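**Student:** What follows is a single structure, and I will ask about it in a moment.
The values are calculated or read from the model by the stated rules, or taken from the named source; none is laboratory data. Nothing here was measured: the structure is a model prediction, and the numbers come from that model. Here Cβ is always computed from backbone atoms with ideal geometry, including for glycine, and neighbour counts include all displayed protein chains.
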Amino acid sequence: MPRRRRLPDVVTIKVPVLVQPRDVFEVVFESEEARKMAEEIVEYIKKNGRMGWDEYKKLFPPEKHYLYFRVIKRLEALGFISRGAYHTYILSKKFTDRMEYLGKLWLFKMGKVEEIW
């Protein structure tokens, strides 16, 4: 029986304070190569609706496969993508839900409860 894939419990992202990020992947990935790969993955899923577990072999050369697994694991852990049927990846809005929840927690902490709902 195959081993279940483990995702990290915590993913650290660096949020810039002086300059607003132009793209969400600037905050999530530090290397330009990982950013481009994440963009390619998301564009592929948007175009085809989903991405099969072995379709990375067509998209990326063999020397980039190690980076693919790091990027896909981070995207899945943060909630940008999730697992669909038959081990496919689909786009997800879990990341948006988590950020919205953090915003609501902050409004509650500030005492602006009427703005939450």
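**Student:** What helices (runs of 4 or more DSSP H), lying completely within the chain, carry at least 2 residues that are in contact (Cβ under 8 Å) with a residue 60 or more places away in the chain and out of contact with any Phe, Trp or Tyr (no Cβ under 9 Å at 6 or more places or on another chain)?
**Tutor:** 65-78
**Student:** May I ask you to verify whether TYR68 is surrounded by 12 or more Cβ atoms within 10 Å (Cβ to Cβ), under 15 Å from GLU33 (Cα atoms) and of a type in the set (Phe, Trp, Tyr)?
**Tutor:** yes
**Student:** A further question follows. Here are some residues: LYS112, LYS58, LYS93. Which one is under 21 Å from ILE13 (Cβ atoms) and of a type in the set (Lys, Arg)?
**Tutor:** One residue alone meets the criteria, LYS93.
**Student:** When you go through (1) surrounded by 11 or more Cβ atoms within 10 Å (Cβ to Cβ); (2) within 22 Å of ASP97 (Cβ to Cβ) one by one for ASN48, which number turns out not to apply?
**Tutor:** It is condition (2) that ASN48 fails.
**Student:** Now a separate question. Tally up the residues in the range 72-117 that are of a type in the set (Val, Ile, Thr) and modelled with pLDDT under 90, please.
**Tutor:** Final tally of qualifying residues: 2.
**Student:** If you don't mind, there's one more thing I want to ask. If you check LEU59, LEU78, which single one turns out to be aliphatic (A, V, I, L, M) and over 25 Å from ARG98 (Cβ atoms)?
**Tutor:** Of the residues listed, the single one that is aliphatic (A, V, I, L, M) and over 25 Å from ARG98 (Cβ atoms) is LEU59.
**Student:** Out of (1) closer than 22 Å to PRO8 by Cβ; (2) β-branched (Val, Ile, Thr); (3) exposed (fewer than 14 other Cβ atoms within 10 Å of the Cβ), the odd one out for VAL42 is which?
**Tutor:** (3)
**Student:** Restricting the range 71-117 to residues that are among the basic types (Lys, Arg) and more than 25 Å from GLU39 (Cβ to Cβ), which is surrounded by the fewest Cβ atoms within 10 Å (Cβ to Cβ)?
**Tutor:** Looking at the filtered set, the residue picked out is LYS109.
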